[in-house]
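Peer 1: What follows is a structure written as structure tokens; I'll ask about it next.
No value in this document is a laboratory result; all are computed from the given coordinates. Values in this document were obtained by computation on a predicted structure and should not be read as measured data. Glycine gets a Cβ as well: all are built from the backbone with ideal geometry, and neighbour counts include every protein chain shown.
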Amino acid sequence: MAHFLTRTPLSRRTFLRGAGVALALPWLEAMLPRAALARGVAASAAPLRFAFLFAPNGKWMNSWTPTTEGASFELSPTLQPLAGVRDRLLVLSGLAQKNAEALGDGPGDHARSAACFLTGAHPKKTEGAEIHNGISIDQVLAERIGHETRFRSLEVGCTPPLTSGNCDSGYSCAYSCNISWRSPTTPQLKETDPRALFERLFGATDGLTPQQRARRLARKQSLLDYARDDATRLSVQLGTTDRRKLDEYLTAVREIEQRLAKAEADAATRPVPVIDLPAAMPADHGEHARLLCDLLALAFQADLTRVATHMFANDGDNRSYPQIGAPDGHHETSHHRDDPIRIERVEKIDRFHVEQLAYFLGKLATMNEGDGTLLDHSLVLYGAGISDGNAHNHDELPILLAGGGNGTVKSGRHVRVAPATPLCNLFLALHDRTGARASSFGDSTGHLSALA
Amino acid sequence: MRSLLPSLLATALAQEPDFARDVLPLLRDSCLDCHAGAEPAASLALDGITDEAQARASSGTWRRVRDKLECGEMPPPDAPAADARLVERAQRWLAVRLGTGPGSWPLDPGRVTLRRLSRFEYAFSVRDLLDLPLPLAEKLPPDEVGYGFDTIGDVLSLSPLLLEKYAALAEEIAAAALPGAELRASAMRRFEGEALPTTLHENYGDDFGVLFAQGSILAEFEVPRAGEYLVRARMSGDQAGPDPCRFVLTMKAVASERGGTPELLRGEVACERPTAETHEWRGRIEAGRQRLDLAFVNDYYQADATDPGQRDRNLLVDWIEVEGPLDPMPPTASERRFYACGADHAHTRACLPATLKRIATRAWRRPVSELELARLLAPVDAALAAGDTLVEATRLGLSLILVSPNFLYRSEIDALPDDPSAQRPLSAHELASRLSYFLWSSLPDERLTTLAEQGLLRERDVLADEARRMLRDPRAHSLISQFAAQWLQLRSLAAVAPDPQAFPDFDEALRDAMRLETELFVEAVFREGRPLRELVDADFTFVNERLALHYGIAGIVGSAMQRVRVTDRSRGGLLGHASLLTLTSNPTRTSPVKRGKFVLERLLGTPPPPPPPGVGALDDTAQAAATATLRERLAQHRSKADCAGCHVKMDALGFTLEHFGPTGGWRDRDGPHVIDDGGTLPDGAVLHGASDLKRVVLEGDSFTRCFAEQLLTFALGRGLLDDDRRAVHALVTGYRGKSPSLEKLVVDLLALDAFLRRRGEAPRASAPEGR
């Protein structure tokens, strides 16, 4: 134990519970991985983090879109909660995800909205058999930079997948409940339980001795060896589709193995913050969303991952927000039919979601790292896959990019791009910032140049 | 090939159905004007089909044609009537080809994709494998849903996150199933008196805990397992007055709020400090956190006593010890189930092969080869060599079995997996698995496994007898918790949130009672062999006091659900259940549309197409509600041509339930408006109230067919093919309007090729790479 404690001078109790409780952060610098410290972390050397935050059912665009453009833009009513980080925002108007449109497949815009949001792909309409979408940009980024951290990527969200019923007009729930897709057939399951997420990130600290820990690791390793061997043997006996199903298992084994290896490598250097989390799922939606934001911020800060997605809710979500004066279901309300009362409620919900975003950005902005803050070293994309919830259109999407991207983004602006510019052009521009250049993604037509 | 006498040949040929002769004339005469070309009416193209081979290519088309002809919907009223003789001949052809008798097209048994266990199947399988009822389903994320169920192989996926949970759970399960030395060892704990809390305001202790007035000293400790323990207390006293110090030792489980505090021991402490004496109690203590309470019960204080040594009596506690468990621990249920060499847990390495082989055989639902066994034993032996105890190494073996894809996935191995023409009957073990996951959502029990090993299970009578046995088993409750709950979308009830201002009386107790009513009701229909039509129309239900109050049923007391006769004809049956009525409502009002849709989709198997994009929802503002009834507002909505087609039927069905409010209570008014429970169907028929709706639902075979299709989807774990629907149609037609019991239907479904056979996979149409 002593061995462990000497290396964790700052593993003191930190309380995350409750809505606006800020993290006490004196252990911040100590949380930097030893390797990073050895490098001498400077802003330019800080790793770049990517987060994608998703809100369902579109926005009331008249209140979302700033009326003025350029660096002197004024925050719109919906964006008011972001006043504290206005200068770190790049609001992008005019982007589109045209593969979320019907294209002959009829209704199902909510399923397509989520499925297409980060993939730019047109999901195959099916309730079950032969699910097919595209690979999402976060997973492409994870493929490129995920090997640097213990977690290739993190996927979180407030709403578990629906457990009964067909989700949207003949589309499997896999579509409306997942924005992150590892492969065209495999969505990345998201974690909805803050406590489980915490334990996954930092492990349960059960005061094991190094020997005990080594034995536990050996046990895990033999479990994984065996699992991989078993799956490989089974796989050769299967048909095409079955084999693809089992590939998910093999991929998972490989990923956990890599993570274990990294965990072993830095178990001694990284302290585990002791955090009180509610034992059950938070009942309050806002608290739930913010707790997950806290944990994502912590994971970024401890450099446990550099890629994350967060779904505030699944698309088509029909929860009500009576606490902010929107007593009917969100989806139902979003079909506002230009009724002023409904529009006002949609605005309230939109603002509520933006408040959660503001919380996350504010958190990143208070986390110092090297000579900057985590927000300086991040690119946070926020938006929805539907523009107006009433019309279900997928052009003119509400999209904003926050963070400095290690000095690669000129923020504090509202930029209107050419109508129907693919959102995937922005994704390519984000990908460029990893130092590698990809030629195309989804339905991209080029690299969005508006960032710098 | 049929061999026919030459004299009969001519007649036989004349009777052999022939598309060109029997159907084509009708198509040309009455159908092709609309159902042809690039954009055929109702997306139904009938042109370009001229012979049997082309007709065979799509049996789904002909099911639609048959249904439309059967109910006389086609040709439409504004077109010239069809020639009755042509219709009759076509219908004869359709009946033969789409039937299951001689001349019918062979049925495609289909192919089920490798199925991962759902989280419930996982939990039930572990429960039955190890006799270990852990709450495992809650520890796994919800599963993806397809075709309304979470048993669909194509949809169920496995992410790294999930595999991590499986790995962690496997270790957790192994530890719980095979308790190790830490539970079995006896331990001694000593609590020093001066360190213990007391009920007095302070413990003045130095070497002793001091009870200077009447009060108690408290010691809490964890009991790892129930058993015999020794509790000892070493005490001394400051003696004064006529009597020695007296004490009472009691103990109580910390978690238990109620019940007395049993007394362990009472006695006297006569010695004077610093000497001390030890008192002890030996007896059974239950597992969990316990609190010992050692009370001083005869305080004495005379401040003015002349002898200073006679002024104050105090009880002093040196220490309290708890030792145990002293008795050997009997084998747990899991251990008895687990070890192959007798119930005694004192197993040996020599017993491991037999044990692991037995468990793997049941967990993987098939025989285990010697090679597989050797591969299981290798890491176990490696762990032993590295210093693990036998129990720890055995746990590893069990973890391996549980994390193996052979457990997590239900595989059916083909010799020619990628040849669609390679059909085969399932192996006996595959069949046992399909049967047990269908009826129990769990793995086959020993009897099924034995029957599979003996090759008997594939005999039709044996299979049917087993199904009957299994339906009577308590494990068949999964047909309620897994099948019915998903069929009726009952799981969504947990998330429904009626507006608290409009429905202040809606609470968790009511929500629970609603769910229980439906579960108990469906279970009664299933278990009592009642005709399935009673699901829609019955004269009984289950209520407790809370739900009875909600329904306006008098004379029910208590929170336990009780079976009651239903005298109100509109209540009996699922359509009168508050659960379904609530989950088909919006937070602030009823939704005749959702209710109508539920009836069409879940009870009649004819889901309406989804609404076109951009259509407005209903105006729900308070302002709108004040000026027009919901019915008037829906009528406005229907008046849009886009909406009318589907809404006429949905709304008509939904309106009949308008007397049931958004939480299922009875109402005569909706705000200022008097309830009108009438609805007009597209054919002009007028319905009033729930009893008319029930009549419509039970007309013909639709409900039975829909139920059978839902059950088959759940059982197979895949979406139904046209041929499956054809088989179900033929099956249900065979009931001739007599509603079957669940048992009858299950036994009949088990005889379908879709259940008994499988084929290789057809090559996929070239996958769209991000169109």
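Peer 1: Using alpha carbon centroids, what distance separates segment B:114-177 and segment B:483-551, in Å?
Peer 2: Segment B:114-177 and segment B:483-551 have Cα centres separated by 27 Å.
Peer 1: Could you sort out which of B:Lys694/B:Lys738; B:Lys597/B:Lys694; A:Lys124/B:Lys139; A:Lys98/A:Lys190 sit more than 21 Å apart by Cα distance in this structure?
Peer 2: A:Lys124/B:Lys139; A:Lys98/A:Lys190
Peer 1: Follow-up. Determine, from the Cβ-Cβ distance of A:Gln211 and A:Thr434 and an R0 of 56 Å, the FRET efficiency 1/(1 + (r/R0)^6), rounded to the nearest 0.05. Numbers along the way, then the final one.
Peer 2: Numbers: r = 40 Å, r/R0 = 0.71.
After rounding to 0.05, the efficiency reads 0.90.
Peer 1: Modelling each spin label as a point 7 Å along the Cα-to-Cβ direction, I'd like the B:Val462/B:Asp539 distance in nm, to one decimal.
Peer 2: My value for the distance between the label points is 4.3 nm.
Peer 1: To continue, here is another question. Would you mind ranking B:Cys341, A:Cys173 by Cβ crowding within 10 Å, fewest neighbours first? It would help to have the intermediate numbers written out before the result.
Peer 2: Working: B:Cys341 13, A:Cys173 28.
Neighbour counts put them in this order, fewest first: B:Cys341, A:Cys173.
Peer 1: With a ≥ b ≥ c taken as the square roots of the eigenvalues of the C-alpha gyration tensor of segment B:661-721, please select rounded if a/c is under 1.5 and otherwise prolate if a/b is larger than b/c or oblate if it is not?
Peer 2: prolate
Peer 1: Quick one: net charge around A:Gly157, please, counting Lys, Arg +1 and Asp, Glu -1 for every other residue with C-beta under 12 Å from its C-beta.
Peer 2: -4
Peer 1: May I pose another question? Taking R0 as 51 Å, what's the FRET efficiency between B:Glu222 and B:Thr733 from their Cβ-Cβ distance, rounded to 0.05?
Peer 2: According to the calculation, E is roughly 0.20.
Peer 1: Given points 7 Å out from each Cα along the Cα-Cβ axis, report the B:Glu321 to A:Leu103 separation in nanometres with one decimal.
Peer 2: Each label point lies 7 Å from its Cα, and together they span 7.8 nm.
Peer 1: Next question, about the same structure. Counting other Cβ atoms within 10 Å, which trypsin sites (Lys or Arg not before Pro) in segment A:362-452 have at most 11 and lie in a DSSP loop?
Peer 2: Working: sites: A:Lys363, A:Lys410, A:Arg413, A:Arg416, A:Arg433, A:Arg437; in loops: A:Lys410, A:Arg433, A:Arg437.
Passing both the DSSP loop test and the Cβ count: A:Arg437.
Peer 1: In addition: Kindly provide the helix-only [θ] at 222 nm of the protein assembly as shown, computed as the sum of -39,500 (n - 2.57) over DSSP H runs of four or more divided by all residues, to the nearest 500 deg cm²/dmol?
Peer 2: Result for the protein assembly as shown: -11000 deg cm²/dmol, rounded to the nearest 500.
Peer 1: Still on this structure, please answer the following. In the structure shown, do any of A:Lys59/A:Lys348; B:Lys68/B:Lys744; B:Lys594/B:Lys744; A:Lys245/B:Lys165 have a Cα-Cα gap over 21 Å, and if so which? Walk me through the numbers before you get to the answer.
Peer 2: Details: A:Lys59/A:Lys348 10 Å; B:Lys68/B:Lys744 29 Å; B:Lys594/B:Lys744 32 Å; A:Lys245/B:Lys165 18 Å.
Over 21 Å apart, Cα to Cα: B:Lys68/B:Lys744; B:Lys594/B:Lys744.
Peer 1: Out of the DSSP beta bridges found with both residues in the protein assembly as shown, what percent are antiparallel (nearest 5)?
Peer 2: Within the protein assembly as shown, antiparallel bridges account for around 75 percent of the total.
Peer 1: Order of A:Met311, A:Met61, B:Met329, B:Met251 from fewest to most other C-beta atoms within 10 Å?
Peer 2: Ascending Cβ contact count within 10 Å gives the list B:Met329, A:Met61, B:Met251, A:Met311.
Peer 1: Could you tell me how far the Cα centroid of segment A:60-87 sits from the Cα centroid of segment B:354-403, in Å?
Peer 2: Cα centres, segment B:354-403 to segment A:60-87: 62 Å.
Peer 1: Taking the Cβ of each residue in B:Leu731, B:Leu416 as the centre, tally the other Cβ atoms inside 10 Å and list the residues starting with the fewest.
Peer 2: The order, fewest Cβ neighbours first, is B:Leu416, B:Leu731.
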